[in-house]
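Reading through the structure tokens given below for one structure.
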Ligand SMILES: Cc1cc2nc3c(=O)[nH]c(=O)nc-3n(C[C@H](O)[C@H](O)[C@H](O)COP(=O)(O)O)c2cc1C
């Protein structure tokens, strides 16, 4: 089983990335092949809505770093999108990726390919209660469902305003490990 982690936090000492590392290394111990890519510094343009993809078998016209991410998504069994919560929503970096997946929208071949793949989210945030951003996360994970992916769970870890705060929270590290086990089942 191949698991692709997509970390969209811009922080050096990112809480989301740390939580993803715990989850994916647990999945690795359970036998999965795992990789985490960090997208913040990559060259990824916003979707230009030119509908080139609709005339070209789901291929996007923009030749940037998203092309390698498309290949990795197509080649993975499980996708874990990691995002900090910004104003009760996903990061702009995460939205950039999701909008570029529009190239796959309404494409039967990709619908079929993705029907065997599952998508999970991991989020970290500051003080806001999880209910405040749950609707946004549901909307965004449902974008993957529209494309044909199976819907996995969302792990949200609060109280992580400061960079690296997650690493001091034994209970949250345990939750991330449990989440990692889920990824392979
Ligand atoms: C622009 C911005 C907006 C934020 N909005 C929220 C928010 O609405 N609710 C919340 O609980 N935390 C909010 N936070 C705090 C982050 O979600 C928190 O620091 C998170 O753990 C960052 O993840 P990272 O360390 O992986 O980058 C915000 C932080 C920033 C920079």
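Structure summary
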| read-out | value |
| --- | --- |
| Shape category assigned to region 33-82 from the gyration tensor of Cα positions, a/c cut at 1.5 | oblate |
| Cα gyration tensor shape of region 114-185, rounded if a/c is under 1.5, else prolate or oblate by comparing a/b with b/c | oblate |
| Whole-number percent relative contact order across region 2-183, with pairs defined as alpha carbons under 8 Å at least 6 apart | 29 percent |
| Förster radius 22 Å - calculated FRET efficiency between residue 87 and residue 138, Cβ distance, rounded to 0.05 | 0.85 |
| Fraction of antiparallel bridges per DSSP, the chain only, in percent to nearest 5 | 5 percent |
| Selected from 168, 99, 89 as most flexible by GNM, with the chain as the system and alpha-carbon contacts under 10 Å | 168 |
| Region 4-80 versus region 130-185: alpha-carbon centroid distance in Å | 16 Å |
| Region 1-151: C-alpha gyration tensor shape, a/c 1.5 cut-off, then a/b vs b/c | prolate |
| Folded to 0 to 90 degrees: helix 134-146 orientation relative to the chain principal axis, Cα | 40 degrees |
| Those residues of region 128-142 whose amide nitrogen sits under 17 Å from the label point placed on residue 11, 7 Å along Cα→Cβ | 128-130 |
| Mean residue ellipticity (222 nm) of the chain, computed from DSSP H runs ≥ 4 via -39,500 (n - 2.57), nearest 500 | -11500 deg cm²/dmol |
| Cα-based helix-to-principal-axis angle, 66-75 vs the chain, degrees rounded to 10 | 80 degrees |
| Order by protection proxy (mean Cβ within 10 Å, highest first), peptides 75-84, 4-13, 40-49 | 75-84, 4-13, 40-49 |
| Between 0 and 90°, nearest 10: helix 15-29 axis offset from the chain longest Cα axis | 80 degrees |
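All of the numbers you see were taken from the coordinates with simple rules; none came from a lab. It should be emphasised that the depicted structure is a prediction, and the values quoted were computed from it without experimental measurement. Neighbour counts run over all protein chains shown; Cβ positions are idealised from the backbone, glycine included.
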